[in-house]
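The values are calculated or read from the model by the stated rules, or taken from the named source; none is laboratory data. Worth saying up front: this structure is predicted, and the values here are computed from it rather than measured. Heads up, the Cβs are rebuilt from the backbone with ideal geometry, glycines too, and the neighbour counts pull from every protein chain shown. The protein model used for the area step is the full one, side chains on, heavy atoms only, and it has no ligands, DNA or RNA in it. Shrake-Rupley method; radii C 1.70, N 1.55, O 1.52, S 1.80 Å.
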Amino acid sequence: MINQKDLEEILKVNKIIDPKQLKDFSDKARADSKKLEDFLIDQKIISSDLLYEKASEYYKIPFINLKNQAIRKDILYLIPEITARAHQTIAFDKNEKELSIATLDISNLELFDFLAKKTQLEIKLNITTPDNIKEALKLYHKGLNAEIKEIEDSQQVDSDKPENLKNLAQDLPVVRVVDTLLEYAILEKASDIHIEPADAEVGVRYRVDGILKKVMTLPKVTHAGVVARIKILSNLKLDEHRLPQDGRFKIKTDDYQVSFRVSIMPTFDGEKIVLRLLPDQAQQLTLEQLGLQPGPYEIVKRNIAKPHGMILVTGPTGSGKTTTLYTILNILNNPGVNISTIEDPIEYRMPGINQSQVQPKIGFTFANGLRSFLRQDPDIVMVGEIRDTETAEISINAAMTGHLVLSTLHTNDAVTTIPRFIDMQVPTFLIASTLNLIIAQRLVRKICKNCIESYNLDKKTIDELSKQFDLDKLQSTLTKQGYLVNGQDIKSILFFRGKGCQQCNNNGYKGRIGIYETLEVDEKMSELILRKASREELEKAAIENGMTTILQDGFIKAKAGTTTIEEVLRVTQE
């Protein structure tokens, strides 16, 4: 857990290993694909206790032996188990002013800041050994087993009676299990929590940076209590187990305010719950922070300044379309304009904007809501999604009569949006005269900056890439656009990846960014739309006009060290 540079310095300063031996050990560790620290401890060249004691002297941070500590349960639980396990950090003591924690990663400032805000105590750092952390983590199991036993005892109830389920949901062990799941999800910046019953257990998965990962397995006996607790939080029917239910609740602390959108679906093994995490305030991002290159950035800036017309953002579910729309709305939001939105659901609250949520059960649909908004003297209208011909027609008419309309559509790329509108029976002359801009996007994971390394593509990877698309054409386009030096070959370009470290949970990625293509509807494109040109003709004209495709934008970001080629292929080829 000590980085290699510091480790070598600690060993030299304390004269534990001479430089020649150290080089030999480093080479052997590399050959075994091991970290130097693990190699030295496995080979018993140095003990873990001695190494971390010397590390504490080097970092000038106290060393603690947790084996000699009696850790109170209330202090231990200040850091939830999954957080403690992921970040190798244990809370072991506290007083009125300080919380003492033992860790292997003294650089995890984000976690320490979170704990300080959560506990309102000053954090006192201590270094310990991996074995100490491993033993301390076992204390959670003793506590968790006791809580599960309590849940098991309270399960001897008739689950068809709401009053029994209500009592079960308020049991302290159930509350603690659910609180742990929610708190860790917020800390890990998860976008969704999946609680999935199986035959003999309950799996818990989080979606972090677009990828689902399993974080916990609970005994099946906890399922009824967890479901009941989430139903109570969401104000849903406790005794309804056969029909899907949707709800919402909010958690508000000094550190964060998060809304949870809840979907409960009956399955063969019980009710499955998916919670979507929605920070109550939209992130105040700029267009540059979204990941737009200078050319597309200027195109977007130019088009959002237009007083009327339509701007569409397209892409699959979870590709960041709503974030892009909110970013544009945030730029346009000022006291001189009236902005109205109709959404399903309202994901973020934005001050100064009139936001409405569709209610199909009572007939308040996108189309009906949009008609009503047009009687409210709007300057800018955002429609959450164009799903049908009626909404498409009203949106286009609004754009034609002096309003700026923003919306989303489900298509794979920018060009396909035009044939999709034609399929919806929208006349081509309306599309050609009102459509200003189409932005297609995907989200890719960013390489963790803490463990980034460079490499050249090997022949096998290049052959695989060649099978999927035309590398020569890609190379030629990137050279024309100035992203490659003339004559530079893809084989010689340095690309990047993450090795995996404590900061990114050893997966090499941390955070996400967009890759885009922006299609501006100019005079030539309007002519092609009017004569119902094929998708291929439209794409050819857009590329000739300088449009950077999603794939090209992904390669530019891979070359710049923002993401990896594998990640670009994952989101563009699926």
Legend entry - Inter-label distance for Asp463 and Asp179, nm, one decimal - labels placed 7 Å from Cα along Cα-to-Cβ: 5.8
Inset, instruction - Rounded to the nearest 10 degrees, what's the angle between the helix 48-59 long axis and the longest principal axis of the chain, both from Cα atoms, 0 to 90? - result: 70
Inset, instruction - For the chain, build the charge dipole from Cβ charges (+1 Lys, Arg; -1 Asp, Glu) around the Cα centre, then report which of Ala399, Leu99, Ile186 sits farthest towards its positive end. - result: Leu99
Legend entry - Relative contact order computed over the chain (Cα-Cα under 8 Å; 6+ residues apart), in percent: 9
Legend entry - Positive minus negative residues near Asp32 (Lys, Arg vs Asp, Glu; Cβ under 14 Å): -1
Inset, instruction - Report, to the nearest whole %, how much of the accessible area of the chain belongs to carbon and sulfur atoms, 1.4 Å probe, protein only. - result: 49
Inset, instruction - Amide H neighbours of Arg248 under 5 Å, at least 5 residues apart or on other chains, H built in the peptide plane: list them. - result: Val262
Legend entry - 20 Å Cα-Cα threshold exceeded, pairs from Lys23/Lys449; Lys306/Lys540; Lys20/Lys60; Lys54/Lys499; Lys510/Lys557; Lys460/Lys480: Lys23/Lys449; Lys306/Lys540; Lys20/Lys60; Lys54/Lys499; Lys460/Lys480
Legend entry - Whole-Hz couplings from phi, Karplus 6.51/-1.76/1.60, listed for the range 402-416; x for Gly and Pro: x, 10, 8, 10, 10, 7, 10, 8, 8, 9, 7, 8, 5, 4, 5
Legend entry - Table column - 3J(HN,Hα) (Hz), the range 80-92, Karplus curve with 6.51, -1.76, 1.60, x for Gly and Pro: x, 4, 5, 5, 4, 5, 5, 9, 6, 9, 10, 8, 10
Legend entry - Virtual spin-label span in nm between Leu285 and Phe364, 7 Å along Cα→Cβ: 2.8
Inset, instruction - Kindly state, to the nearest 0.05, the FRET efficiency for Leu530 paired with Asn450, given R0 = 51 Å and r defined as their beta-carbon distance. - result: 0.45
Legend entry - Cα-based helix-to-principal-axis angle, 172-187 vs the chain, degrees rounded to 10: 60
Legend entry - Cut-off under 5 Å, modelled amide H: who pairs with Lys124 long-range: Leu99, Ser100, Ile101
Legend entry - Net lengthening on full extension, Ser433/Lys250 (0.36 nm per residue, minus Cα-Cα): 61.5 nm
Inset, instruction - Report the extension gain between Arg371 and Ala31 in nm, rounded to one decimal, defined as 0.36 nm multiplied by the number of residues separating them, less their alpha carbon distance. - result: 115.6 nm
Inset, instruction - Run through the DSSP bridge list for the chain and note the antiparallel percent, rounded to the nearest 5. - result: 65
Inset, instruction - With only Lys, Arg, Asp and Glu charged, each at its Cβ (+1 for the first two, -1 for the last two), find how big the charge dipole of the chain is about the Cα centre; round to the nearest 20 debye. - result: 600
Legend entry - Residues of the chain: accessible area per residue with a 1.4 Å probe, Å²: 49
Inset, instruction - Rounded to the nearest 10 degrees, what's the angle between the helix 4-13 long axis and the longest principal axis of the chain, both from Cα atoms, 0 to 90? - result: 30
Legend entry - Simple label model, 7 Å out from Cα along Cβ direction - Leu137 to Ile211, nm: 1.9
Legend entry - Computed E for Asp199/Glu523 - FRET, C-beta separation, R0 60 angstrom, nearest 0.05: 0.45
Inset, instruction - Express in whole angstrom the spacing between the alpha-carbon centres of the range 1-61 and the range 434-482. - result: 39
Inset, instruction - Run down the lysines and flag those whose C-alpha is under 24 Å from the C-alpha of Lys138, throwing out any fewer than 8 positions away in its chain. - result: Lys67, Lys73, Lys94, Lys118, Lys124, Lys149, Lys213, Lys214, Lys220
